[in-house]
Every structure is written in structure tokens, then in C-alpha cells.
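The values are calculated or read from the model by the stated rules, or taken from the named source; none is laboratory data. None of these values were measured; they are calculated from a predicted model. Neighbour counts are summed over all protein chains in view; Cβ atoms, including those assigned to glycine, are modelled from backbone coordinates with ideal geometry. Quick note on the areas: whole protein, heavy atoms, side chains included, nothing else; ligands and nucleic acids left out. Shrake-Rupley method; radii C 1.70, N 1.55, O 1.52, S 1.80 Å.
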Amino acid sequence: MQMEERRKSVRYKAREDVRAAISAEDSDLHTEGFVLNISQSGAYIFANAIPFQNGILTFRLPDGRTIQRRCRRIDPYQPRARGQAVAFTDALTAEELEVLKAPILE
């Protein structure tokens with residue numbers, strides 16, 4: 001099965017001023033970085049990789065608001081990796097996705 005066929009939702013470049021934190025539910029591990037790309041069903045976070053099955057992803061917006069989603073890792077954990085793909089347990093709403101994705105410049 002092709003990778004493109006498996007993806008259910010379109011990926012967008014994320015806003016550069018949105019920070020992301022992932023906390024593992026099964027340990028006290030957490031990591032923080034920024035969102036490279038975003039879709040309604042998942043995201044790719046540029047941060048030090050942590051091993052987790054289920055976690056909480058918190059998007060921190062510049063205006064102080066946060067958007068949280070439970071998530072699970074998509075990619076296998078690799079020590080010292082800079083980045084990890086996650087799938088959301090519950091999809092982002094269209095409004096949340098609009099807030100997180102980078103504006104498309106004409």
C-alpha cells in the first residue's frame with residue numbers, strides 16, 4: 001500500500017509560531033518543539049523523540065490559547081531522532097486546523 005493512499009487527510013505546512021509539546025501517558029517523559037506539518041488526523045513535530053504509545057499533544061498558540069489532542073506515535077521510536085509523526089485519537093475540527101496551518105501566500 002502506498003503511503004499517499006494511507007493518508008486520509010491533506011497535510012498543510014504549520015504556522016511557524018505554534019509550539020508543540022508531547023507528554024507520554026505511560027511515563028513522565030515529555031518533549032517540546034514546533035509543528036512542521038499538520039492535518040486533521042495528525043501532525044509531524046520537530047522535537048527530540050520520546051518513546052510512547054499514547055500521549056497528549058498540546059499546541060501552544062502565540063496568543064496564549066492551547067489546542068490539545070490525545071495522540072499515538074505513527075513512526076517507530078529512534079533514539080536521538082529529531083522529530084516524530086503522531087496520529088490524533090480525535091480529529092481536529094476545521095476551525096482548529098485553520099488556526100494551526102500556515103497562511104497560504106498568493
Given a 1.4 angstrom probe, I'd like the percentage of the accessible area of the chain that is carbon and sulfur, rounded to a whole number.
50
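Tell me the per residue accessible area of the chain using a 1.4 Å probe; a whole number in Å² is fine.
64
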Is it possible to state the helix-based mean residue ellipticity at 222 nm for the chain, with each DSSP H run of 4+ residues giving -39500 (n - 2.57), the sum divided by total residues, to the nearest 500 deg cm²/dmol? What is it?
-2000 deg cm²/dmol
Compactness of the chain, expressed as Rg and Dmax over alpha-carbon positions, Å:
13.2, 44
So for each of 71-77, 54-60, 86-92 I average, over its residues, the number of other beta carbons within 10 Å; can you give me the resulting order with the highest mean first?
54-60, 86-92, 71-77
Modelled label reach - TYR77, point 7 Å along Cα→Cβ, the stretch 27-57 residues with backbone N closer than 20 Å
27-34, 43-57
